[in-house]
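Chemist: Would you mind keeping the following structure in view while I ask a few things?
The values are calculated or read from the model by the stated rules, or taken from the named source; none is laboratory data. Since the structure is predicted, the reported quantities are computational estimates derived from the model, not experimental observations. Ligands, DNA and RNA are stripped out before the accessible areas are found, and what is left, the full protein with its side chains, is counted by its heavy atoms. Shrake-Rupley method; radii C 1.70, N 1.55, O 1.52, S 1.80 Å.
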Amino acid sequence: MALNISRHQKGARHSNRAPVPPFRSLRDSRNRPQTAQRVPRSVHGVRDTAASRVVVQMLKPSPPESERGRTSFHVFTERFLRNRRGVELEPEERAYLERAISEVKSVEQRTTLVRTGERLSNSTLLLEGFLCRYIDDRRGLRQLVAIHIPGDFVDLHGYPLGTLDHDVAALTAASVAMVPHAALDRIAVEKPSLTKKLWFATLLDAAMHRAWVFRLGRLDAVGRVAHFLSETNVRLSTVGLSDGRRFALDITQNDLSEVCGLTSVHINRVMRQLREEGLCVFRSSLVEILDPSRLAERGQFDPDYLYIRNDPLPVSPR
Amino acid sequence: MLEDAPAVQPETQAGVATAEGGYVILDGPDGVAVTMTPEAASLTAERLLAAASAAERQKTL
């Protein structure tokens, strides 16, 4: 089958897309609930899942024998665990993980990929775009509990857990690679060192969750946004999607408010403050950090918990 | 050690309340970050004043 990869623009921006309506809650009864849809994958004889709106654009072919193990074919896993302190995927491990991918598909923005309590049989490797994990309160108001960038294994923890205690959704249009849990079973048996590295990836998520708790619990409004943008800058720099000062972040002000536990009114004021203080500008889905060190200091951000091997930033905030 | 960490103390710094786009934003103290309608802010202010007066009386008991 011909490989038809539709590469998104940096940050998965679509210049001709319609304005994104306020993304208050996917469960808000005032908005039509949106769910990811999958079309039948009859080519692989895979049983259909529940109806959804994700369109399968391509299926990853198995690499020819001559290509197996070559790093040049590792197009899907190349960003996974890149430049992390304490872990490095060997070419053979990366090739093994590539072969474990059963399909690659595109996801429309604002669609739900996984719902709380849904029985899982795959884990999702994010290739392009931004995904989020979130929990809604009883009123349907959302708290984002994680943002995922290209290279993240979004729900790897769903493999041992079987179900998730939160939802996973696409903040932007995205491309994802699916790794069946059956393949992860084989990895666990045949590749213990790779298994340990997959475990490392879930622990990185846990480290970011701890930082998230700190951000929401101890920082004021400006600090929360400064911390989040500093963290996102470092994460995106690690996978080559930030030059250390500028990166595309195609999320709405409402999304940012749900990350930081603030209202959009408050976010608006905070962004103005950050701009006036010469720290950061966030405009038209582009973040420009004017002073990375001062922004990190304002957000009490220390990138140590991201376990970066080689500091990708021009100025190291400490 | 955990025992050496300072316990969370009552705030001695006042929060800053400002008006923004028809809402009241309360920044601080510390990690407080709240946006309220003017009505909710007024009622909160009344309750805060009443509680502050009661707390003052408790201090003198």
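Chemist: Ballpark to the nearest 100 Å², how much total accessible area do B and A bury together, probe 1.4 Å?
Modeler: 1000 Å²
Chemist: Rounded, prolate or oblate: which fits the stretch A:133-279 when a ≥ b ≥ c are the square roots of the eigenvalues of the alpha-carbon gyration tensor, with rounded for a/c under 1.5 and prolate only if a/b beats b/c?
Modeler: The shape class here is prolate.
Chemist: Go ahead and estimate [θ] at 222 nm for chain B from helices alone: -39,500 (n - 2.57) per DSSP H run with n ≥ 4, summed, over the residue count, rounded to 500.
Modeler: -13000 deg cm²/dmol
Chemist: Moving on. Tell me, what ³J(HN,Hα) does each residue in the stretch A:175-183 have, in order and in whole Hz, if you take phi through Karplus 6.51 cos²θ - 1.76 cosθ + 1.60 with θ = phi - 60° and put x for Gly and Pro?
Modeler: Values per residue, Gly and Pro as x: 10, 10, 10, 9, 10, x, 5, 4, 5 Hz.
Chemist: If you don't mind, there's one more thing I want to ask. Any idea what angle helix B:38-60 forms with the longest principal axis of chain B, computed on alpha-carbon atoms, 0 to 90 degrees, nearest 10?
Modeler: That helix lies at roughly 30 degrees to the long axis.
Chemist: Same structure, new question: Using modelled amide H (1.01 Å from N, peptide plane; none on Pro or chain starts), what sits under 5 Å from the amide H of A:Gly240, excluding residues fewer than 5 places away?
Modeler: none
Chemist: Something else: Could you pull out every residue, at least 5 positions away or on a different chain, whose amide H is within less than 5 Å of the one on A:Arg246? Hs are placed 1.01 Å off N in the peptide plane, and Pro or chain starts have none.
Modeler: Here A:Ile289 satisfy the definition.
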